[in-house]
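One structure is given here, and the rest of the page talks about it.
The values are calculated or read from the model by the stated rules, or taken from the named source; none is laboratory data. Keep in mind that what you see is a predicted model, and the values were worked out from it rather than measured. Cβ placement follows ideal geometry from the backbone for every residue including glycine, while neighbour counts extend to all protein chains displayed. Note: areas computed on protein heavy atoms with side chains; ligands, DNA, RNA excluded. Shrake-Rupley method; radii C 1.70, N 1.55, O 1.52, S 1.80 Å.
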Amino acid sequence: MVIELTPSFKEIDPRFRKVALPHVHVEKLYTGCRWAEGPAWFPAGRYLVWSDIPNDRMLRWDETDGSVSVFRQPAMNANGHTVDLQGRLVSCEHRGRCISRTEHDGSRTVLASHFEGKRLNSPNDVVVKSDGSVWFTDPSYGIDSDYEGDASPSEQGAQRVYRLDPASLALTVVADDFVQPNGLAFSPDESLLYIADTGATHVKDGPHHVRRFRVGADGALTGGEVFATCPVGVYDGFRVDVHGNLWLSAGDGVHCHASDGALLGKVLIPETVSNVCFGGAKRNRLFICGTTSLYAVYLNTRGAARY
């Protein structure tokens, strides 16, 4: 049985009522993007940064007054972002074909651009673990055309998931059996890593699901079973809350899956959603990038730290 809590929510499992506030509505904070992506929240400044990839810019939404300004342009067709343990912006650059970090003084440091002497494809999404290691996906979207980067042949010849060691900056392949690896996030205790495969964009009847891996003490991944398959479009970017629920971007909004894999409910958005993140003073506000617009909704849960 499907029950609508408000026009913003659709309940599929009764457990959804514990995390979706029945009297709350989705708010549109900004519109005017070509493809909005990669939101990242900065608590000290009370602002959100996100990408508008085809327009080659990054935007900044200020919680104190609701204003939106250009954070960076040109922006190397940046896609996903996260915040590291020191509060610095870590970015996936399509056109730079690298992972970069914005220092506190505003300068840009390239963290990883090559593997085994060959350029990366176009890093897509990124998370930072509590040990400081940087984990990111490297599909081909940014080199497939000139729309979101520079059309180029793949030097790697594969689409992989990587781990960057925080001390040595050595790059290690942690998964290489994806068609197009995309969003990724750790469980609250970091014992599990979820990774989306959006290969259906490139292969007929290809994957449009999220897989779940167990994370070893040495950073090695095992398992990799399918956790959830998207019924509308593909599962792109996502984040995890403190209860272990996944909040996944989809063609009709944001899907909330419990840690047992069950679809609990949806946050309905009138545009295809690309990515999300938690923010606000209590980390209980979900920021949503939906094609041309930035949305937000308050939830009865909080985002897991840094994710």
Review point. The stretch 32-71: D in µm²/s via Stokes-Einstein (Kirkwood Rh, Cα pairs, 4 °C, 1.567 mPa s)?
Key: 127
Point to revise | Computed over the chain, Cα set: Rg, Dmax in Å | key: 17.7, 54
**Study point:** For the stretch 128-219: Kirkwood Rh in Å [reciprocal of mean 1/r, alpha carbons]
**Key:** 14.2
Exercise for review: Work through the residues other than residue 280 whose Cβ is under 10 Å from its Cβ and net out their charges, Lys, Arg +1 and Asp, Glu -1.
Suggested key: +4
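How high is the FRET efficiency from residue 260 to residue 70, r the C-beta distance, R0 30 Å, rounded to 0.05?
0.10
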Check your understanding: To one decimal place, what Kirkwood hydrodynamic radius in Å is obtained for the stretch 173-262 from all pairs of distinct Cα atoms?
Key -> 13.1
Review point. Taking only the alpha carbons of the stretch 1-159, what extent do you get along each of the three principal axes, in Å, biggest first?
Key: 53, 38, 36
Exercise for review: For the chain, with a Gaussian network of springs between Cα atoms less than 10 Å apart, report the residue from 28, 282, 129 with the top mean-square fluctuation.
Suggested key: 282
Point to revise | From phi via Karplus (6.51, -1.76, 1.60), per-residue ³J(HN,Hα) for the stretch 17-32 in Hz, x at Gly/Pro | key: 5, 6, 10, 9, 7, x, 9, 9, 10, 5, 10, 8, 9, 6, 9, x
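In the structure shown, do any of 10/282; 18/204; 10/129; 129/266; 129/282 have a Cα-Cα gap over 30 Å, and if so which? All intermediate terms of the calculation are to be shown ahead of the outcome.
Values: 10/282 24 Å; 18/204 38 Å; 10/129 32 Å; 129/266 27 Å; 129/282 21 Å.
18/204; 10/129, as the Cα separations exceed 30 Å there.
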Check your understanding: How many times 2.2 N^0.38 Å is the alpha carbon radius of gyration of the stretch 254-307?
Key -> 1.13
Check your understanding: Can you run phi through the Karplus equation (6.51, -1.76, 1.60; θ = phi - 60°) for the stretch 244-253 and list ³J(HN,Hα) in whole Hz, with x for Gly and Pro?
Key -> x, 6, 9, 10, 10, 6, 8, x, 10, x
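Probe radius 1.4 Å, ligands and nucleic acids ignored: give me the carbon and sulfur share of the accessible area of the chain as a rounded percent.
50
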Study note, to complete from the structure: Note to self: with every protein chain in place and a 1.4 Å probe, the chain gives an accessible area per residue in Å² of 39
